[in-house]
Structures are given as C-alpha cells and as structure tokens.
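In what follows, a single structure is set out as structure tokens and then discussed.
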Amino acid sequence: MNLQADPQNIFFRCVEDSSEAIMISDSKGALVYVNPAWVRTYGFSSEEALGKTPSLLHSGLHSRTFYDAMWKRIQDPQIGHWKGELINRRKDGTLVPVLLTITPVRSNDGAPRGYMGVAVDISFKKEFEAKVAQQDRLASIGLLASGIAHEIGTPLGVIRGRAEMIQPEANSPLAQKSIEVILRQADRISNLIQSLLGFGRGFGEIQIELMNPSKTIEEVLSLVGQNLRTDMANVRAGIEPGTRILADRSRLQHVLLNLTINATQAIKKAIAQGRKGPHEVVISGSGRTLSVRDTGCGIEKSHLMEIFKPFFTTKDVGEGTGLGLTIVSQLLDEMEAKLEVESEVGVGTCFTIRFRGDQDSESSPSSLR
C-alpha cells in the first residue's frame, strides 16, 4: 500500500479500525460520524446516532455544572481539550465508565469546525479497583477481628455465665425476660465475632470438584424449610437434570444457606408489611448456574451496589450483622464464580451464581483445584 498516494483514506482507516470508540460532531454538537467501536461500545447503530447530540449517552450521574466545566476547558484557548473519567449509558440502559478525551476539529484558519471524542472503556479497570478495595477491607476486618476476639470473648463469657447463674433465682417475669435478653444479645455478639474471625481464618484449603449440587441444596432446605413453612410460605428446589458445577461443597453450602436465610427474612418482612402470598423461596439450577429467588420485600435500587460491602445492612437492628453477603462474595471469588442480583421492591429478589466452566468435564478433582 502506498501511504503517500492516498493519505486521507489511511487516516480514515485508522479511525474506522480503531478499537476505541470515536465520535465526531459538527460545531453545534450534532454527531456526523461514529466508528464501529463506538457502535459496539454503546449499542446504538450509526443511523440512530447521526444527527443526535452526545447527550443520548448521558447517564444522569453527572450534573450540568460538570458538563459546563468540561466545555469551558475545551473552549479555553490556553487548554483546548478535555480529558477525564465519566460514566455513560448504553442503549440497553447499562452504565459504562470511560476515559474520554474531547478535542476540537479545526479548519485551516484555526476555527473549530466540530469536535472529536475518543472514549476508552475502563469497565475492567473499575471492576479490578473495586475488587482490590474489597479485599483490602476484608483483610483489615480479619486482622481487627483476630486482635479483639480474645479481649471481647473473655468478658462476654463471664457475662453470659453470670446471667445463667442468676436465671433460676429470678422470681419475676420481668427479671426472667431481662435475663433472656442478656443471653440473646451475648450470643449475637459471639456470632458476630465468629463471622469476623472467618475472614482471618478462611474456610481451609479449597477443594473444587465437578458436582451435582442437589444433595447440598437438600441439606440447606432441611435447615430452613420448617422455619419458612411456619410463616405460610413454601421453600423448594428446582434443579434440572444435568446441572453440574465446579464448586467446593462446604463453601457452596455456606453460600446457599446465607442466601436462603436472607430470602426467608425478606419474606417475613413482606408478610409483616401485609403482602399477601403465596410466598416462596426457590433454589433452582441449570447447566452451570444456580439461583436463589424469593417473593419477599425486595431491595431498593440504591442499595444494590452497597449490599456486598462489610457491615452494610437494611435489616432491623438485631437481625443482621451486614457481613453475610460480604462472606458470600468472598467465597464465590475463591471458587471463581460470579454473583448477579436482580430485585424489585414489593416483588422479590433473585441471586444468580454463574460457576466457571471446564473444557474437560471428566477431569479429576485434583486437577481442578
């Protein structure tokens, strides 16, 4: 190819074949060109985009002041461009964080004829940063728990022991009730300490195996099923034949037990709010996927990004520590599984676990560790 013979075509091919999303607008902001990478990144076809302004990508997460400051820098002769991170919205409504650079496209006399935006999708970078931050938080909690467990555990044991000693001597219903409260709260603190220590100790060496999860699910349902039935709800499993996942049995049991208990509590809350049934929790499986679905109270959208953070909880005081889903997330990371959540207030919640695949389904457990 003779590069000097047709330079305009070479420049066009560079833009057209770029892996980064590129858009060009006229001086009024109307889009006159988007490259194929832009179409792939945002989901709009070129026909849907041309003639529109870049505002069709606005996520609603940035203020008018943010965009005003952006254009002020672009139009400043001393600066003449803008580069920074922002969050755009794809056609399907999903958010995409990008590193965006906007520069004027100038005519020969230097006047701006339009503007070019080059966007780099940084979703992977943001996910990695969030994961590192989460691991840092978990490590800090583990160290903190190991340091204070003895200091709290010893006096807590004394408090509980003395409460048990005086319980037979309590002569009034009020005294008996007060002692029961003391014992319950002592047990709650003890359970919290054990959950915290779980971060420091972990669950031992991971044993990944190709397994049918039905038996583990039956064990989980036997632990929580009766509790649900007493609240006029149903708990059941719906595992399709051929469901086989790569998982550690003890970790899987803990994950499913935690999600199922959360589901029962969500249903209890829905019943307390006056929502009529039928109510149910369903653990289902297909292929390499398991899900726990409930018809409970649902989770606010604003909370969906927070529920896996340590100590975040929407439960009433005394009903949760805010560590359950954090532990679930940690255990699934160890099994290289992905957790997704969908929820609607007043309808219910569904947690979906996608386990990693393996090319050789007949591999021995030792080769899968």
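Entry remark, segment 207-235: residues being at pLDDT 85 or above and either β-branched (Val, Ile, Thr) or in a strand (DSSP E or B) (or both) number 6 in total. If the condition is being at pLDDT 80 or above and either in a loop (DSSP other than H, G, I, E, B) or not assigned by TED's automatic domain parsing to the domain that holds ARG251 (or both), then segment 294-344 contributes THR295, GLY296, CYS297, GLY298, ILE299, GLU300, MET335, GLU336, ALA337.
Reported count of residues in segment 74-85, each being assigned to a helix (DSSP H, G or I) and farther than 20 Å from ILE22 by Cβ, is 1. Note on segment 1-32: among residues that are among the charged types (D, E, K, R) and either surrounded by 12 or more Cβ atoms within 10 Å (Cβ to Cβ) or in contact with a Leu (Cβ under 9 Å, 6 or more places away or on another chain) (or both), the one that is modelled with the lowest pLDDT is ASP6.
Hey, any hits in segment 26-46 for a residue that's out of contact with any helix residue (DSSP H, G or I) (no Cβ under 6 Å at 6 or more places or on another chain), acidic (Asp, Glu) and within 30 Å of MET305 (Cα to Cα)? No: zero hits. Of the residues GLY110, GLY60, the single one that is farther than 30 Å from GLU342 by Cβ and either without any contact (Cβ under 8 Å) to a residue 40 or more places away in the chain or not in a strand (DSSP E or B) (or both) is GLY110.
Counting only residues that are exposed (fewer than 15 other Cβ atoms within 10 Å of the Cβ) and touching a strand residue (DSSP E or B) at 6+ places or on another chain (Cβ under 8 Å), segment 53-71 holds 7 of them.
Condition check ((1) modelled with pLDDT under 80; (2) within 17 Å of the chain's Cα centre (by Cα); (3) not β-branched (Val, Ile, Thr)) across all residues:
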residue: VAL96; (1), (2), (3): no, yes, no
residue: ASN108; (1), (2), (3): no, no, yes
residue: ALA111; (1), (2), (3): no, no, yes
residue: ASP121; (1), (2), (3): no, no, yes
residue: ALA130; (1), (2), (3): yes, yes, yes
residue: GLU151; (1), (2), (3): yes, no, yes
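Selection of segment 21-57 for residues being free of Cβ contacts under 8 Å to residues at least 60 places away in the same chain, aromatic (Phe, Trp, Tyr) and outside any loop (DSSP other than H, G, I, E, B) yields TYR33, TYR42.
Taking each residue of segment 176-196 that is in the same structural domain as ILE152 (by TED's automatic domain parsing) and looking for partners that are of a type in the set (A, V, I, L, M) and at pLDDT 85 or above with beta-carbon atoms closer than 8 Å, six or more apart or interchain, yields ILE179/ALA163; ILE179/ILE166; ILE182/ILE159; ILE182/ALA163; LEU183/ALA163; ALA186/ILE159; ALA186/ALA163. Can you tell me which residue is nearest to GLY277 (Cα to Cα) among those in segment 345-369 that are among the hydroxyl-bearing types (Ser, Thr, Tyr) and at pLDDT 70 or above? Per the criteria, the residue is THR349. Taking the criterion of being small (Gly, Ala, Ser) and surrounded by fewer than 18 Cβ atoms within 10 Å (Cβ to Cβ), the residues of segment 238-296 that qualify are GLY238, GLY242, SER250, ALA272, GLY274, GLY277, SER286, GLY287. Of all residue pairs spaced 6 or more apart or on separate chains, those with beta-carbon atoms under 8 Å, a first member in segment 87-99 that is assigned by TED's automatic domain parsing to the domain that holds MET70 and of a type in the set (S, T, N, Q) and a second member that is surrounded by fewer than 20 Cβ atoms within 10 Å (Cβ to Cβ) and part of a loop (DSSP other than H, G, I, E, B) are ASN88/SER59.
The values are calculated or read from the model by the stated rules, or taken from the named source; none is laboratory data. What you see is a predicted model, and the numbers here were worked out from it, not measured in a lab. Virtual Cβ from ideal backbone geometry, glycine too; neighbours counted across all protein chains shown.
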